[in-house]
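In what follows, a structure is listed as structure tokens, so that the remarks can point back to it.
Please treat every number below as a calculation from the coordinates, not as lab data. A quick note: this is a predicted structure, and the numbers were derived from the prediction, not measured. As a convention, Cβ positions derive from the backbone with ideal geometry for all residues, glycine included, and neighbour counts pool all protein chains shown.
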Amino acid sequence: MKKLVKMLVSSAVIGAMAFGMCACTQTTPTAAPTAAPTDGTTAATEAPTDAPAADGLIKVGIINNDPNESGYRTANDRDMKATFTEENGYEASFFYSLKNEDQIAAAQKFIQDEVDYLLISAAGTSGWDGVLEQAQKAGIKVILFDRTIDADPSLYEASIVSDMAKEGQQAVDWLASQNLSEYKIVHIQGVMGSSAQIGRSGALDDKVAAEANWSIVTQQTAEWSEETAQQIVQAVIDSGETFNVIYAENDNMAKGAVAALDKANISHGVGKDVIVIGFDCNTWALEELLAGNWNYDGQCNPFQASYIDNIIKNGVTEKVVIMEEKGFDATTITADDVANYGI
Amino acid sequence: MSNNQKAISSGNSVKGFLSKVVHNQLFIPIAALLLLVVFNAFADILLHSDTSFFKIVLEPSSTGNMVLSGNLITIIDNASELALLAIGMTLVTSASGGQDISVGATIAIAGSTILRIVKGYSSDISDGKFAGVIICAFLLAIVVSALFGAFNGALVAYFKIQPMVATLILFTAGRSIAAWINNNDNISINDSRFGYFGNFIPGIPVPTPVFITVICLIVIALVLKFTNLRLYSQAVGINASSSRLNGINPKTIKLLSFIILGICVAVCGFIKVSRTSSITYAVIANNIEMDAILAVALGGNNLGGGKFNMTASVLGAYVIQFLTTTLFRMKVSSSAISAYKAIVVILLIIMSSPFIRKWLADMKNKRLAAKAEARVGKENA
């Protein structure tokens, strides 16, 4: 009996360990910073110039945020992986971290590995000058994507970014065009200080300050989490305050907010009591728009890879490339839009 | 003289009763609950001149069912996950003398597992089949989380790694594993039936998570009453080697406590993903491990292991949610809420620190000594 228990326990433990291990190997790109650049150390000794690798492939080191962070990042990472392939003439190494210092360390590693291009989506805006100077000395070209940094523009070739303030402005303009007699807004913010939060909050804050009939019922950060958003809206509903707009700075938080509305039987969507606004254009969110349950979704374009590809192969035309971004209205969205723009 | 003595003795018994109440382990969580209730009542009367905080109404939801709503319902509903975690965390704390900090990440794994199974089934399958899918998904999530719990437990019990360090592994890797399970997809389940378990079942006005929690609480109460789990884990927590000499295997008990926590985590994950029918791997159940540990601490349990009071821990969980909801209602910025919780933690830790305990004991001894001296003086006179 005791033996049986021991066997069961040990097999369970081994199973858990094996499961954990296989999971680890699958997620190496996110977990292990050493995995990507190791093969480069041998290359460094044989090819001390910054010329393309012997087999004609362009070596790129891609530093990105953790793909688990959001649907946006997942789509962005997939797009990068689909573009920078051997078929397209690239030899790509990836590094992922949400921490700025880890990213900088990885950039140094990539410089030692003598990549041709360094593509960076920085976690933080500061601290990059030193490593970018190193890159410049080594003749490595730097292209920023998605996020900008506080460094001298001469240190990088180009940056491909979303204009978050413009995204917010488009949404606020759309909201203003609805001509409500009164705007009572529940504003659910992303992680405070992130560029998406600053841009999307800024446009709304300005409008509320400027217009007499616009007011904020509550303004809270749910840190991109649907459960926190749900709790925030639940608290507003329980306190008996009325509102007619939910302005959530991403789709997941809008979803959480809507779950709270559903519990309290507050109707939402096209022609209903509460207008629901989300951002990022997840496929499921656009489907909610198509069904008329939400009113507006602002795009945050994650597909920078083709822009970068173009710059690498055809040269720089503009220093700062601002990507085209749309906003979708539930009354005009089509199934094609969902298929084309959903991430 | 005899009258005086009577007065003194009756005074003592009142005092004795009071000190019994104060020293009861349930005192801190119940007092905290009462404090919050009084605070909310006052705030309501001062700010809105009514008592809307305690109002509970029966209204139709968007699906047309009559459902209960109000702050108290919200608190009981939202505290469900925390109460479930408090059960497992109390056992782990008691047996291993440490805490599991990977529960948030393991909730992500359990939730992701459930969504992985459910997402393949569209809304046009019959209720019976859908129930089958849900049951399969739920059972699989329980097995998966129990395995991860066993992994933590094995590190703690067999490799003698400190619980916090051992669970740091999954704390770091868990959310990546959760994302990997679903190939990093941003999943949203369209079937409204999936939302029943985190919201309301049609026709029942009480939130489903409350029922799930009550069932789990009954189960754990029965287990504690009719098995030796309480005795064994307390014995192991107080002194592992002496319990081993008495025929209890400390390793098995520690492992078991982590597995039970794993099962609690699976139930939590199920409720969490059902609430919004979706998952964000990086933030689902964010920082919930801290709340769960705080619940155990609020329950007056020794975080170093040994004796425990399950009721107090569970009450502690409700106190934390009460605090959170109160702060949301006061429009405290949600990023500042953890700071308020930190204040509670600091107060608790200071109150239970050896320094304050010694100081309190000294004060008591001094008072008794002074009394004794006075009595001696009187008798001499």
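Just in the range B:156-208: which trypsin sites (Lys or Arg not before Pro) are loop by DSSP and have at most 15 other Cβ atoms within 10 Å?
Within the range B:156-208, the qualifying trypsin sites (Lys or Arg not before Pro) (loop, at most 15 other Cβ atoms within 10 Å) are B:K160.
Take the alpha carbon atoms of the range A:85-136, find their center, do the same for the range B:251-277, and report the distance between the two centers in whole angstrom.
Their Cα centres are 39 Å away from one another.
Ranking A:V276, B:V118 by Cβ neighbours within 10 Å, fewest first, what do you get? Intermediate results must be reported in sequence, preceding the final value.
On the way: A:V276 26, B:V118 22.
So the ranking, lowest neighbour count to highest, is B:V118, A:V276.
Looking at the range A:266-343, which trypsin sites (Lys or Arg not before Pro) are DSSP coil and have at most 12 other C-beta atoms within 10 Å of their C-beta?
Passing sites in the range A:266-343 are A:K319.
If the only charges are +1 at each Lys and Arg Cβ and -1 at each Asp and Glu Cβ, what is the size of the charge dipole of the protein assembly as shown around the Cα centre, to the nearest 20 debye?
5580 debye
List the residues whose amide H sits under 5 Å from the amide H of A:D163, counting only those 5 or more places along or on another chain, with H placed 1.01 Å from N in the peptide plane.
For A:D163, the qualifying residues are A:M323.
Which loop trypsin sites (Lys or Arg not before Pro) in the range A:53-139, with loop taken from DSSP, have no more than 15 other Cβ atoms within 10 angstrom of their Cβ?
Values: sites: A:K59, A:R73, A:R78, A:K81, A:K99, A:K109, A:K137; in loops: A:K99.
Passing both the DSSP loop test and the Cβ count: A:K99.
If you take the Cα Rg of chain B and divide it by 2.2 N^0.38 Å, with N the number of residues, what do you get?
1.15
Taking θ as phi - 60°, what are the ³J(HN,Hα) couplings along the range B:84-90 by the Karplus curve (6.51, -1.76, 1.60), each to the nearest whole Hz, with x for Gly and Pro?
5, 5, 4, 4, x, 5, 5
Taking neighbour Cβ counts within 10 Å as the exposure measure, how do B:L298, B:L360, B:L91 sort from fewest upward?
Going from least to most buried by this count: B:L360, B:L298, B:L91.
Taking the Cα centre of the range A:48-156 as the origin, how large is its charge dipole in debye, to the nearest 20, when only Lys and Arg (+1) and Asp and Glu (-1) carry charge on their Cβ atoms?
Details: 9 positive and 19 negative charges, 26 e Å.
Once rounded to the nearest 20, the dipole reads 120 debye.
Binning at 20 Å from 0, report for the protein assembly as shown what percent of all alpha-carbon pair distances ends up in each bin.
Final binned percentages: 16, 43, 31, 8, 2, 0.
Would you work out which of B:L245, A:T83, B:W180 lies farthest towards the positive end of the dipole of the protein assembly as shown? Charges go on Cβ: Lys and Arg +1, Asp and Glu -1.
B:L245
In whole Hz, what ³J(HN,Hα) sequence does the range B:144-159 give by Karplus (6.51, -1.76, 1.60; θ = phi - 60°), x for Gly and Pro?
Computed from phi, the couplings for the range B:144-159 are 4, 5, 5, 5, 5, x, 5, 4, 4, x, 5, 4, 6, 7, 8, 9 Hz.
For B:I279, what is the net charge nearby, where nearby means another residue's Cβ is under 12 Å from its Cβ and Lys, Arg count +1, Asp, Glu -1?
Summing Lys and Arg as +1 and Asp and Glu as -1 gives +3.
Which three extents, in angstrom, do the Cα atoms of the range B:336-381 have along their principal axes, listed largest first?
62, 16, 7
In nm, to one decimal, how far is the modelled label at B:K307 from the one at B:E373, with both set 7 Å along Cα→Cβ?
3.2 nm
Give the percent of DSSP beta bridges with both residues in the protein assembly as shown that are antiparallel, rounded to the nearest 5.
Around 15 percent of the beta bridges assigned by DSSP in the protein assembly as shown are antiparallel ones.
Add +1 for every Lys or Arg and -1 for every Asp or Glu among the other residues with Cβ under 15 Å from the Cβ of B:G149, and state the total. Write out the running numbers ahead of the final one.
Values: positive: B:K251, B:K254; negative: B:D100, B:E289.
After counting each charged neighbour, the total is 0.
In Å and on Cα atoms, what radius of gyration and Dmax does the range A:261-343 show?
Gyration radius and largest Cα-Cα distance of the range A:261-343: 16.5, 56 Å.
Once label points are set 7 Å from the Cα along Cα→Cβ at both A:M192 and B:L18, what is their separation, rounded to one decimal in nm?
4.2 nm
Using amide H atoms built 1.01 Å from N in the peptide plane, name the residues 5+ places from A:T221, or on other chains, whose amide H lies under 5 Å from its own.
Amide H to amide H, under 5 Å and 5 or more residues apart or across chains, A:T221 pairs with A:Q189, B:S334, B:S335.
What ranking of A:D79, B:D362 emerges when the number of other C-beta atoms within 10 Å of each C-beta is taken as an exposure proxy, fewest first?
If I rank by nearby Cβ atoms, fewest first, I get B:D362, A:D79.
Counting only residues 5 or more places away or on other chains, whose amide H sits under 5 Å from the amide H of A:I216 once H atoms are built in the peptide plane?
Amide H neighbours of A:I216: A:I185.
Just to confirm a number: summing +1 for Lys and Arg and -1 for Asp and Glu over residues other than B:G88 whose beta-carbon lies under 12 angstrom from that of B:G88, what do you get?
-3
Most fluctuating residue of B:V133, B:V143, B:V22 in a GNM of chain B with Cα springs under 10 Å: which is it?
Maximum fluctuation in the GNM of chain B, among the listed residues, is at B:V22.
Seen from all sides and averaged, what is the projected area of the convex hull of the Cα atoms in the range B:131-273, in nm²? Could the numbers behind the result be given before it?
On the way: hull surface 42.4 nm².
Mean shadow area of the hull around the Cα atoms is 10.6 nm².
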